[in-house]
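In what follows, a single structure is set out as structure tokens and then discussed.
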Amino acid sequence: MKDLLTKKEILKAPFLQEMTKTTANLYRLGWDERNGGNISYLLKEEEVAEYLDVNDVKRTVPMMFDGAELAGKYFIVTGSGKYFKNVIDDPAANLGIIRITEDGKSLDILWGLEEGGVPTSELPSHLMSHIERLKADPNHRVIMHCHATNLIGMTFTHSLDEVAFTKTLWQMCTECIVVFPEGIGIIPWMVPGTDSIGKATAEKMKEVRSVIWPHHGIFGAGTTMDETFGLIETAEKAAEVYTVVCAQGSVKQTITDQQLQDLADAFGVVPRQEVLNL
Ligand code: 13P
Ligand code: ZN
């Protein structure tokens, strides 16, 4: 009881507020209709312990895949079937703070997901992607999935070759090569919510921080909520420009490969191999 009294108010936690603001933004942008989209945000135990008794497990839910590599790790996640539009008004029903159990076979719910809610159905893809991104970057923390409209549109009209897709996006906005110099990953169309799509996504996440799911959406990874949102936002903006360009007619000029290389040099980034023909 004494411990409870000394805890800070969870709804004021910066990580929780980042989740509510980001889900509201994604909804506002039209990239998360109905229950579309999901976010998982890796938290440090000390961050969670400022607000919650980490020994007070509300429920334990089995997981269908092996999360042993993330045993003991804490995440704040969006709930399965929950509408992003509703998160800001009722975070406790739509979000949850979870910890992966020591055997990696279940997750403990420490807060939220009230009324029997469970974490996003895309948790396998999220957790497998976290595992790979943490290997690539120890500061990695966020995985975000959304149904970004123009990127989905491009998966109908553009080649799904990663190199070609990356180059088109780079050419659409000068900033793109600086924001995602490693390029974009693309997996084949697959049934969402499965281990298989999780494995395919995570395999791409070894090299890139954004992976397109054709005719479905995008997965983004980053060290902060802002960085991850910004990555998806930048790719989607490029796709939006592509939509406009295609609607306007034939292309008269574009950013050349040499100009893209000049940008990379000026901003100190290394562009993905094979994209530029120099
Ligand atoms: P969830 O509601 O389970 O998070 O699923 C939404 C989604 O976008 C599936 O790909
Ligand atoms: Zn989806």
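Throughout, read-outs are computed from the coordinates displayed, never taken from laboratory work. The structure presented is a predicted model; accordingly, all values stated were derived computationally and were not measured. Glycine also receives a Cβ, built like all others from the backbone with ideal geometry; neighbour counts cover every protein chain displayed.
Some points to look at:
- Listed by chain and number, the lysines whose C-alpha is less than 28 Å from the C-alpha of K85, apart from same-chain residues fewer than 8 away, are K8, K12, K21, K44, K58, K73, K237.
- Where a label projected 7 Å from the Cα of R34 along Cα→Cβ would reach, residues of region 55-94 with amide N under 15 Å: 80-85
- Counted over the chain, the DSSP beta bridges are approximately 95% antiparallel.
- Gaussian network model of the chain, Cα within-10 Å springs - most flexible of G67, G268, G104: G268
- Region 203-256, relative contact order [Cα under 8 Å, separation at least 6], %: 18
- For the chain, a crude dipole built from +1 on the beta carbon of Lys and Arg and -1 on the beta carbon of Asp and Glu, taken about the Cα centre, is about 340 debye to the nearest 20.
- Largest GNM mean-square fluctuation among V179, V57, V118, using the chain with Cα springs under 10 Å: V57.
- Cα lying deepest toward the dipole's positive end in the chain, options N86, P14, L113, charges on Cβ: N86
- Here the calculated FRET efficiency for A71 and E274, from their Cβ-Cβ distance with R0 = 51 Å, stands at 0.85, rounded to the nearest 0.05.
- Rounded to the nearest 10 degrees, the inclination of helix 14-28 to the longest alpha-carbon principal axis of the chain is 50 degrees.
- Relative to the Cα centre, the charge distribution of region 120-260, modelled as +1 at Lys and Arg Cβ and -1 at Asp and Glu Cβ, gives a dipole magnitude of about 80 debye.
- Taken over the chain, the convex hull of the Cα atoms encloses 125 Å³ per residue.
- Gyration tensor verdict on region 149-278 (Cα atoms; rounded if a/c is under 1.5, prolate if a/b is larger than b/c, oblate otherwise): oblate
- Length gained when the stretch K12-K252 is fully extended (0.36 nm per residue, less Cα-Cα span): 81.2 nm
- Choice from S129, S80, S250 showing the highest fluctuation, given a GNM over the chain with Cα pairs closer than 10 Å: S250
- Extending 7 Å from Cα along the Cβ direction at M64 and again at E47 yields two label points whose distance is 2.9 nm.
- Spacing of the two label points (7 Å from each Cα toward its C-beta) at V57 and T224, in nm: 3.4
- Modelled spin labels at S121 and D89, positioned 7 Å past Cα toward Cβ, are 2.4 nm from each other.
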